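A short worksheet on the structure shown next.
The values are calculated or read from the model by the stated rules, or taken from the named source; none is laboratory data. All values reported here derive from a predicted model rather than from experimental measurement. We place every Cβ from the backbone using ideal geometry, glycine too, and count neighbours over all the protein chains shown.
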Amino acid sequence: MSPTPRRGSPAVASLLLVPVAALLASVYLPFVNNAGLVLGLPRLFLWTSFWVVAITPLLLLVERGRRDDDTDDDADIDADGTGAEPTEGASR
């Protein structure tokens, strides 16, 4: 049994390759790119719509994994929004 991938690992990010490959290959797939209609809509339109909607949860999964690995970068920003150390003699 293989170990499960870590949330921030490249294996999770590689899940995004599935919808990208499906969208790029859609015009070459004969069961997608034909004259048939499903519910009055072309199959290519439905195929593309499905994969565009499917990308959203995958992006959320990758983003949540990336956020867990990052440190809190916003904690370094001061009230003035610069994040720079005040110099001596500088008044606020």
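Looking at A35, A54, which is the one that is in contact with a Pro (Cβ under 6 Å, 6 or more places away or on another chain), among the small types (G, A, S) and either at pLDDT 90 or above or not in a helix (DSSP H, G or I) (or both)? Break it down into steps so the answer makes sense when it comes.
Details: A35 fails: in contact with a Pro (Cβ under 6 Å, 6 or more places away or on another chain).
Testing whether each residue is in contact with a Pro (Cβ under 6 Å, 6 or more places away or on another chain), among the small types (G, A, S) and either at pLDDT 90 or above or not in a helix (DSSP H, G or I) (or both) leaves just A54.
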Subset of the range 24-60 (residues that are surrounded by 15 or more Cβ atoms within 10 Å (Cβ to Cβ) and within 15 Å of the chain's Cα centre (by Cα)): W51, I55, L58
Taking interchain pairs and intrachain pairs at least six residues apart, which have beta carbon atoms under 9 angstrom, with the first residue in the range 32-47 and more than 18 Å from V20 (Cβ to Cβ) and the second among the hydroxyl-bearing types (S, T, Y) and not in a loop (DSSP other than H, G, I, E, B)? L41/S49
